[in-house]
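Below is one structure, written out as structure tokens; comments come after it.
The values are calculated or read from the model by the stated rules, or taken from the named source; none is laboratory data. In this text, all values refer to a predicted model and were calculated from it rather than measured experimentally. Cβ placement follows ideal geometry from the backbone for every residue including glycine, while neighbour counts extend to all protein chains displayed.
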Amino acid sequence: METTSEPWGITPSGERVKLFTLSDEITVKISNYGGTIVSIQAPDRSGRMGEVTLGFNTVDGYINSDFYLGATIGRYANRIANGEFYIDGEAYKLAQNNGPNHLHGGIKGYDKVVWDAELLESGLRLSYRSTDMEEGYPGTLEASITFTLREDRLELDYLAVTDNPTVVNLTNHAYFNLAGGGSVLRHRLWIDSDRYSPVGENMIPLGKHDVVEGTPFDFREATEVGGRINDGHVQLERGGGYDHNYVLNQISNPQIRVTEPESGRTLEVSTTMPGVQFYTGNFLDGSDKGRNGPINRRSGLCLETQFFPDSPNQPDFPSTILRPCEKYIEKTVYRFTTES
Ligand code: BGC
């Protein structure tokens with residue numbers, strides 16, 4: 001394992017940004033701007049290294065993008081209905097930056113701030129302190145993500161503590177494309193999940209999970225991502241494709257596997273978190289110019305390990321409230337292998 005660091009530009013407010021490279025069997029580039037996974041290079045079945053994420057060559061690309069490419073998402077990943085929630089009877093109001101809803105931490109979420117960085121022997125630790133009422137969230141939250149590279153595995157260890165009750169849901173928003181380009185519809189996906197969270201017209205979960213059995217949401221056997229995406233299911237129409245939370249069965253390890261048949265590249269995801277947002281990049285529209293040209297619709301897929309969307313307003317979902325006496329400790333591992 002080797003780590004290097006280099007200067008990577010300056011934000012409009014004058015903060016210096018760095019790019020870190022971790023190299024082992026895969027090569028991972030991470031910036032402290034937005035806690036962003038900028039690049040992952042992984043071998044195909046003949047050993048040829050290739051890019052497997054969508055991204056930009058410069059920090060300006062990330063500063064100007066609204067698509068959260070590779071970024072760390074917080075304080076609360078995914079949607080909070082109408083940008084409001086209660087803790088202990090106290091009302092909190094957040095930005096409504098996605099129709100009527102709050103999305104991915106607000107106007108200036110964790111994806112748009114510069115994190116403190118510390119190089120470690122086997123990786124990198126990024127830390128960010130968000131002050132009380134930043135983006136409307138109560139409590140000062142000290143968050144860190146330790147990125148560890150071990151052979152073919154990139155491990156993300158999330159830690160957060162607060163001085164007042166708050167809500168926390170941290171994730172990474174990498175868009176994967178194991179072919180290195182083109183659409184992701186031919187990728188094959190397996191998710192160990194029997195239930196998913198159907199949403200209303202405003203993309204907020206309806207509150208009860210539905211069984212995947214007999215629907216295009218069933219990935220309990222490896223299935224082509226695009227095989228059923230246009231079959232007219234009302235939930236797929238709502239999301240413009242897959243953009244849904246899956247309730248992980250939490251029995252197997254890994255819980256998710258994606259394979260790209262041509263290259264054989266395979267991504268396995270394991271997590272301690274109860275859910276994953278499977279998103280097929282439906283809103284990407286070619287307006288962002290990435291490292292290989294326009295970033296087109298469905299040219300990347302996200303597997304955002306997470307607590308469930310809108311949990312602060314959903315009494316039947318696992319709680320996302322963090323109190324001062326508690327620690328938020330979660331882990332997600334991405335492993336890159338090949339299928340022969
Ligand atoms: C959400 C999408 C959203 C996208 C933004 C995803 O996590 O589920 O609805 O448009 O992030 O890039």
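Quick notes
- Hits in segment 100-130 - residues which are part of a loop (DSSP other than H, G, I, E, B) and closer than 20 Å to Asn64 by Cα: His104, Gly105, Gly106, Ile107, Lys108, Gly109, Val113, Trp115
- Sole residue being closer than 17 Å to Glu134 by Cβ, touching a residue at least 24 places away in the same chain (Cβ under 8 Å) and either within 23 Å of the chain's Cα centre (by Cα) or surrounded by fewer than 17 Cβ atoms within 10 Å (Cβ to Cβ) (or both), chosen from Tyr76, Tyr68, Tyr86, Tyr62: Tyr76
- Selected residue (only one of Ser122, Ser144 is away from the ligand (no atom under 16 Å from the Cβ) and either within 20 Å of Met273 (Cβ to Cβ) or crowded, with 19+ Cβ neighbours inside 10 Å (or both)): Ser144
- All conditions but one from (1) touching a Ser or Thr at 6+ places or on another chain (Cβ under 9 Å); (2) within 16 Å of Asn282 (Cα to Cα) apply to Val234; the one that does not is (1).
- Listing of strands (runs of 3 or more DSSP E) fully contained in segment 134-230 that carry 2 or more residues being touching a helix residue (DSSP H, G or I) at 6+ places or on another chain (Cβ under 9 Å) and under 26 Å from Lys108 (Cβ atoms): 141-150
- Counted residues, segment 266-297 - those being away from the ligand (no atom under 12 Å from the Cβ), over 15 Å from the mean Cα position of the chain (by Cα) and under 25 Å from Ser193 (Cβ atoms): 1
- Criterion: charged (D, E, K, R), touching a residue at least 60 places away in the same chain (Cβ under 8 Å) and touching a Pro at 6+ places or on another chain (Cβ under 7 Å) - qualifying residue of Arg186, Arg150: Arg186
- Residue check, Ser263 among the small types (Gly, Ala, Ser), modelled with pLDDT of 95 or more, away from the ligand (no atom under 11 Å from the Cβ) and surrounded by 20 or more Cβ atoms within 10 Å (Cβ to Cβ): yes
- Pair list, Cβ under 9 Å, 6 or more apart: segment 1-12 residue touching a residue at least 12 places away in the same chain (Cβ under 8 Å) and surrounded by 10 or more Cβ atoms within 10 Å (Cβ to Cβ), other residue among the small types (Gly, Ala, Ser) and in a loop (DSSP other than H, G, I, E, B): Met1/Ser122; Thr3/Ser122
- Yes/no for Asn249 being free of Cβ contacts under 8 Å to residues at least 24 places away in the same chain, over 19 Å from Phe67 (Cβ atoms) and surrounded by fewer than 15 Cβ atoms within 10 Å (Cβ to Cβ): no
- The residues on offer are Leu154, Leu206, Leu189, and the sole one that is crowded, with 17+ Cβ neighbours inside 10 Å, farther than 19 Å from Gly35 by Cβ and touching a Ser or Thr at 6+ places or on another chain (Cβ under 8 Å) is Leu189.
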